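Worksheet: one structure, shown below.
The values are calculated or read from the model by the stated rules, or taken from the named source; none is laboratory data. Just so it is clear, the structure is predicted and the values come from calculations on it, not from any experiment. Reconstructed Cβ throughout: ideal geometry from the backbone, glycine too, with neighbour counts over all protein chains shown.
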Amino acid sequence: MSLVNDVVSDSLAEVSSRFKELVLPKVITKDLVVSYVRKALRTRVWFSLNPYQRALLKAITYSKVYIIRSRVLKELVSELLVVIERGSFRGRALWYGLVVALNMYKYLLQDWVFRVESILYLGINYLSNPPIFRAYG
């Protein structure tokens, strides 16, 4: 049973790392954080965040610093931005598209050569199916 758990955790770690690569830009700026705060409020992800996480995002939006250079702060903020992005429909479609691509093509793919459009197509196709027909849910 632990072998199955190891395979699932490895797959989930690979999907989450690829999701971060697709969604997040290399440089995190104040304007980017402001737009993600607006997106979090619009998609109601803001209210599911921890009060400390909300305070961190608000502090960045009110600060005078334009680019986040600290490695630790950049990692914390990038994790929050990933949580906010997964709350949107595009984020969920990308996440499920990566999961479906990994499950369907795990023996054919040595490295991820999919375009973002094809991953979005797989994810939207998965999300638009009724829950009874979702194969990987």
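Each residue in segment 33-64 was checked for being more than 18 Å from the chain's Cα centre (by Cα), in a helix (DSSP H, G or I) and touching a residue at least 24 places away in the same chain (Cβ under 8 Å), and 3 of them qualify.
Contact annotation: residue pairs with Cβ atoms under 9 Å, 6 or more positions apart or on different chains, pairing a residue in segment 11-32 that is surrounded by fewer than 18 Cβ atoms within 10 Å (Cβ to Cβ) with a partner that is of a type in the set (Ser, Thr, Tyr) and not in a helix (DSSP H, G or I), are THR29/TYR66; LYS30/SER63; LYS30/TYR66; ASP31/TYR66.
Table: residues versus (1) touching a Lys or Arg at 6+ places or on another chain (Cβ under 9 Å); (2) at pLDDT below 95; (3) not hydrophobic (A, V, I, L, M, F, W, C).
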{"position": "ALA13", "(1), (2), (3)": "no, yes, no"}
{"position": "PHE19", "(1), (2), (3)": "yes, yes, no"}
{"position": "LEU24", "(1), (2), (3)": "no, yes, no"}
{"position": "ASN50", "(1), (2), (3)": "no, yes, yes"}
{"position": "VAL65", "(1), (2), (3)": "yes, yes, no"}
{"position": "ILE68", "(1), (2), (3)": "yes, yes, no"}
{"position": "LYS74", "(1), (2), (3)": "no, yes, yes"}
